[in-house]
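All remarks here apply to the structure that follows.
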Amino acid sequence: MRYSFLLKNFVNSIEKDASAAFNLNLSKPLQVSIQPNERCNARCLMCDYWKETTDYIHSDEIIKVLEDLKKWTGKHFFVQIAGGEPLIYKGIYDIFAFCAENGIICKISTNGIAFTPNVCDKIIQSGLKYLSVSLDSHLPEIHDKYRGVPGTLERAIAGIKYLAEHSRMTLGISSVIMKENISTLPQSVDYFLSLPIHRLLMQPIRVWTEKLPMERWNEYEYWVNDRQALSTFTHHLLEIRKTDRRILNTVQDIKEWQEYFIHPAALADRNLKKCRIGYDRLGVDYKGNVNLGCGKYGFVGNIKDESIKDIWNSPKSRQTRRKMLQCTNLCTSNCFKDLTLSQKASKALVFIKSGLFDTKK
């Protein structure tokens, strides 16, 4: 699987570049994000997903999308499942199992609250290959406060250790850089890397509320305004990255955070590459709406009305891709960036070493 996955993505990358340059439709969506639900068992202070009480799409509809993608693109594409909290979604293990049985690399992002030995056993038995846990601090008084549920950190850490001991699953941690944790993030990173994980991703907080205009970003409750603490953290992360390749953030990512927190659009005037993520990514939200990897440009269809292939090849999708090419917004979120070939190679190396692409799992 390792080499076929990498070769397939390399060829698709060439087709993506050609499609963007000559207004063609050669490439396919090999990176797919699916949000099966918006319900959540956390009560995060900076997010209100937990207020949702209804699931709008059935697991069979999601599996149908995956089945259609496999018939169209072949095996070995990448699916990221997030929420809400995916582990409380009915039918989630059926989705994991379908991916495992059909050569689809599946990752989920979870807060870890649902982790019990029984749930961890179900995850392992499903054949899931890759799981990432969202942790914002190694200190319960910070992490549990922001997650809104006491004991969240302890349960998440216990789940990571259980999965590491009883499976060969690729495990990761994702952490948000924000006001409350910035002064202790160096210690948090050290602690996270002491755990049996294969990768660590840091993400700067974005202004997720519509109550505050973007031009007043530095008034955002969770914004990092402590320049010294940010500088100390970024220096620490850069030093660790020299010897610990489990950190997925690129050197450029880490250096950009300094300017980003001074002003979110601080780097917008630079010669940014044209955004081409619409040529190899798509997302399906909790109501079945489809976007081309970036929600800013709206939806291009719905899985309840059209096949995923028809949506991808539709005139609306083609028009949206051309608009996205003109985007000058700075993408600080590592997972949304249109990476260079060398950056992709660096990240692929992390995953290869973790065993994500191995067939003997």
>> Rounded to whole Å, give me the distance from the Cα center of region 43-63 to that of region 1-36.
In response: 28 Å
> Which of the aspartates and glutamates could a cross-linker span from LYS296 if the Cα-Cα distance has to be under 17 Å and same-chain partners fewer than 8 positions apart are dropped?
Replying inline: GLU210, ASP280, ASP285, ASP338
>> Counting only protein heavy atoms and a 1.4 Å probe, tell me what percentage of region 5-91's accessible area is made up of carbon and sulfur.
In response: 56 percent
>> Run the reach check for LYS122 against aspartates and glutamates, Cα to Cα strictly under 18 Å, same-chain hits fewer than 8 apart removed. What comes back?
In response: GLU85, ASP94, GLU101, GLU165
> So which GluC sites (Glu not before Pro) in region 47-99 are both in a DSSP loop and have at most 16 other Cβ atoms within 10 Å of their Cβ?
Replying inline: GLU52
> What is the distance in Å between the Cα centres of region 176-191 and region 292-306?
Replying inline: 35 Å
>> How large is the accessible surface of VAL149 in square angstrom, using a 1.4 angstrom probe and rounding to the nearest 10?
In response: 40 Å²
> If the limit is 23 Å between Cα atoms, which of LYS71/LYS323; LYS287/LYS316; LYS8/LYS316; LYS90/LYS304; LYS161/LYS242 go over it?
Replying inline: LYS71/LYS323; LYS8/LYS316; LYS161/LYS242
> Using the heavy atoms of the protein chains alone and a 1.4 angstrom probe, what is the accessible area of region 26-132 per residue in square angstrom?
Replying inline: 38 Å²
> How big is the Cα convex hull of region 15-150 in projection, averaged over all directions, in nm²?
Replying inline: 10.1 nm²
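The values are calculated or read from the model by the stated rules, or taken from the named source; none is laboratory data. Quick caveat, the model's predicted, so the values are computed rather than measured. All Cβ positions, even for glycine, are placed from backbone atoms using ideal geometry, and neighbour counts span all protein chains on display. Please note that ligands, DNA and RNA were not included when accessible areas were found on the heavy atoms of the full protein model with its side chains. Shrake-Rupley method; radii C 1.70, N 1.55, O 1.52, S 1.80 Å.
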